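Student: Below: one structure in structure tokens.
The values are calculated or read from the model by the stated rules, or taken from the named source; none is laboratory data. Since the model is a prediction, treat every value here as computed from it, not as a measurement. Heads up, the Cβs are rebuilt from the backbone with ideal geometry, glycines too, and the neighbour counts pull from every protein chain shown.
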Amino acid sequence: MRFTVLLVLLVLLPVMMAAHLWDYVEHHELRLMAQAEAILKKHDVRGGTVNVRYLDLSVTGDAQDEESLQKAVAELATLGPLRLVDDRLAILARLHVKLEADQLTLDGWVPDEDTADSLKGLLLKVRPDLQVISDELKVSRFVRWPEGEKLPLSEQSPMLKPIIGALHVPPSLEISRREGKLIAAGMVPTQELKENIQQALSQPLHGLGVEVSQLRVSSHVLEAPFVSSEGIVPFLRSFYATPSPGEFSIRPGENPQLKADTTRTLESAWLGHLRAVTKGTRVEMQLTQHPSVYHFPGRRIETPLPEDVLQSVRDLINGELILFTSGSSSLAPEERARLAALAPALLSAGPVLRLIVGGHPELGRDMKSEQPLALQRAEQVASYLIEQGAPSAEIRAMAFDPVTTGDKYAPLQTPSVEILIQ
């Protein structure tokens, strides 16, 4: 009898277990799964999946932040009678940026401080002109990388590619003159161009210092005609090869701007170089016309004489014009007499006195014929000074450029010849 009862129990045991399992699956497992899914939804876990194998619970999904993740895990752990045996909840790595003026603000989640630092360094490399603020960039060990993201991060990383693309910047160049220096600022695409710009600014004729620390380099500078060395550098070499260089800027959305002392010859040369840069865009110019570079304010005197001697010569020749008859290069007797009176004082300054003898062309005449005539007048005066004993090697005759009557630096009378200290 006992054997029969035992046999019956052994037969019924699997049936009872199967019935219990069926009852659990039909009436409890689905309810417990629904409760687990509700917990994930409550804590804003996205893409969540729940898997229950009898009493073992496995979950996956992406929480929005570390607090939500930890709350979800804590609540799932209390979901009896289940055991949380496989917790794959994570925070998906993400990055948002906001660009305002010269500040780039980072927000999002990364797995560690090293990643945060490398990300900041990468963005600074792309846009060295920006201040990168990462106070809102959060770090957590629960962060996971999206599918397809490979480390280390680079400009080609899927997560960074759209951000890097949005950081492209138009090129710019601004050269100002402050406190005895030429200061270059802006953004150019290559280190080579930056160095070429620095060399073009460093001209011995003006002797000013050159500072390029504010001229940034980024490979993400957009294309523009002036960013090639063939475009901007020849212009800068010409524009800054004067005794008193001016200021230049070419900025996004603005016409190129020039502010400088100049002559008609220099102005023509500058505009010729700029055509390759501006492609027809109008150049905004604030130019002060002079007869020659030797008339520029602030020009350094090359003649190696003591200042008191130089000043006495300046006082002697300042405003003195040797006058000529219109259309003629002949030196009139009265002008010879004036030169004869000047010559002893000039000679007393010594043989190292270097002079510029320049002819002012007569306005209102054809400059093609008047410029050579102005040179001939200057040569007449130079020859007379040499006859009086001035060393020929220290006298240079030249034709000055015309300056419109009424301009600040126009000569009082033309045609005439003026003597300057070199």
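Student: Can you tell me which residue is farthest from residue 75 (Cα to Cα) among those in region 98-110 that are touching a residue at least 12 places away in the same chain (Cβ under 8 Å) and loosely packed, with under 15 Cβ neighbours inside 10 Å?
Tutor: So the residue we want is 102.
Student: OK, next. Being part of a helix (DSSP H, G or I) and in contact with a Pro (Cβ under 9 Å, 6 or more places away or on another chain) is the filter; apply it to region 290-310 and report the residue that is nearest to residue 358 (Cα to Cα).
Tutor: 294
Residues checked against (1) assigned to a helix (DSSP H, G or I); (2) under 44 Å from the mean Cα position of the chain (by Cα); (3) closer than 20 Å to residue 266 by Cα:
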position	(1), (2), (3)
288	no, yes, yes
312	yes, no, no
316	yes, no, no
325	no, no, no
342	yes, no, no
347	yes, no, no
353	no, no, no
356	no, yes, yes
381	yes, no, no
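Student: Collect the residues in region 368-399 that are small (Gly, Ala, Ser) and out of contact with any Pro (no Cβ under 7 Å at 6 or more places or on another chain), keeping them in residue-number order.
Tutor: 369, 378, 382, 383, 389, 390, 392, 393, 397 - these are the residues of region 368-399 that are small (Gly, Ala, Ser) and out of contact with any Pro (no Cβ under 7 Å at 6 or more places or on another chain).
Student: Which count do you get for residues in region 355-395 that are basic (Lys, Arg) and either modelled with pLDDT of 95 or more or under 23 Å from residue 337 (Cβ atoms) (or both)?
Tutor: Selection size over region 355-395: 1.
Student: Additional query: So which residues in region 119-143 are surrounded by fewer than 16 Cβ atoms within 10 Å (Cβ to Cβ) and within 19 Å of residue 161 (Cα to Cα)?
Tutor: 121, 124, 125, 128
Student: Can you run down the residue pairs with Cβ atoms below 7 Å, 6 or more apart or on separate chains, where the first is in region 117-134 and part of a strand (DSSP E or B) and the partner is hydroxyl-bearing (Ser, Thr, Tyr)?
Tutor: Taking only residues 6 or more apart or on different chains, the pairs are 133/105.
Student: Got a sec? Which of 137, 57, 95 is touching a residue at least 60 places away in the same chain (Cβ under 8 Å), assigned to a strand (DSSP E or B) and touching a strand residue (DSSP E or B) at 6+ places or on another chain (Cβ under 7 Å)?
Tutor: Testing whether each residue is touching a residue at least 60 places away in the same chain (Cβ under 8 Å), assigned to a strand (DSSP E or B) and touching a strand residue (DSSP E or B) at 6+ places or on another chain (Cβ under 7 Å) leaves just 95.
Student: Still on this structure, please answer the following. Could you tell me whether residue 357 is in contact (Cβ under 8 Å) with a residue 40 or more places away in the chain and surrounded by 13 or more Cβ atoms within 10 Å (Cβ to Cβ)?
Tutor: For residue 357, the condition - in contact (Cβ under 8 Å) with a residue 40 or more places away in the chain and surrounded by 13 or more Cβ atoms within 10 Å (Cβ to Cβ) - is met.
Student: Which members of region 203-215 meet the condition of being exposed (fewer than 15 other Cβ atoms within 10 Å of the Cβ) and under 8 Å from the mean Cα position of the chain (by Cα)?
Tutor: The one that is exposed (fewer than 15 other Cβ atoms within 10 Å of the Cβ) and under 8 Å from the mean Cα position of the chain (by Cα): 214.
Student: Select from region 216-268 the residues that are free of Cβ contacts under 8 Å to residues at least 24 places away in the same chain and either crowded, with 21+ Cβ neighbours inside 10 Å or part of a helix (DSSP H, G or I) (or both) and list them in ascending order.
Tutor: Within region 216-268, 267, 268 meet the criteria.
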